[in-house]
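Have a look at the structure below before the remarks.
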Amino acid sequence: MNRLNILTFPDPRLRKKANPVEVFDESLKKKANDMLFTMYEDKGIGLAATQVNIHERLIVIDLTEDRSEPLVIINPEFRVLDETQEISKEGCLSIPTFQQEVPRAKRIELEYQDLTGKKESLVAEGLLGYCIQHEIDHLNGKLLVDYSSSLKRNRIKEKLLKSKDVKNKN
């Protein structure tokens, strides 16, 4: 497995909308495995392909502490089952050190395909529901900072650009 490079805000490639996956082959399985490896190495619970510069509708999630229940979600679509909004405090591997409170649907039904192309569905709420909605945002070119004010978004952008400059000089 290969560790992939996670794009960080304000990289414009994070804004690119992902295309549907049409071919379910070994290459797709390798991408999913590399994404899982990368997510685990960076101590995340979810990762969208867009975050690693793969512009396909592919997400990996694992909420377990021992990393024993990886979920690979391809071509996800969800519908809201409960209109109640809950506030979720979220972080993101593409925006290090930043957290934002985000209103998310309390309960959703997810329809997706697995690695073989088989159609699946599940009902999600709580952390899994929030994580799915967060990662689908990535596939649609939407970022966590989009839920904050433009002033806060600009501060985060400046901070991350400054930290990149410092790293590049070392």
Discussion item. Six or more apart or on different chains, Cβ atoms under 8 Å: show the pairs whose first residue is in region 129-156 and over 25 Å from Thr84 (Cβ atoms) and whose second is surrounded by fewer than 20 Cβ atoms within 10 Å (Cβ to Cβ) and of a type outside the set (A, V, I, L, M, F, W, C).
Written reply: Gly141/Arg15; Gly141/Lys16; Gly141/Lys17; Arg153/Asp146; Ile156/Ser148
Worksheet item: In this structure, does Ile74 turn out to be open to solvent by 10 Å² or more (accessible area, probe 1.4 Å), aliphatic (A, V, I, L, M) and part of a strand (DSSP E or B)?
Response: no
Item to complete: Just give me the residues in region 20-42 being closer than 22 Å to Tyr130 by Cα and either polar (S, T, N, Q) or at pLDDT below 95 (or both), in sequence order.
Response: Thr38
Item to complete: Just name the residue that is farthest from Cys92 (Cα to Cα) out of those in region 17-57 that are exposed (fewer than 13 other Cβ atoms within 10 Å of the Cβ) and in contact (Cβ under 8 Å) with a residue 40 or more places away in the chain.
Response: Pro20
Worksheet item: If we scan region 94-104, do we find a residue that is open to solvent by 40 Å² or more (accessible area, probe 1.4 Å), part of a strand (DSSP E or B) and within 20 Å of Met39 (Cα to Cα)?
Response: yes
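The values are calculated or read from the model by the stated rules, or taken from the named source; none is laboratory data. Values in this document were obtained by computation on a predicted structure and should not be read as measured data. Reconstructed Cβ throughout: ideal geometry from the backbone, glycine too, with neighbour counts over all protein chains shown. For accessibility, only protein heavy atoms count, side chains too; no ligands or nucleic acids. Shrake-Rupley method; radii C 1.70, N 1.55, O 1.52, S 1.80 Å.
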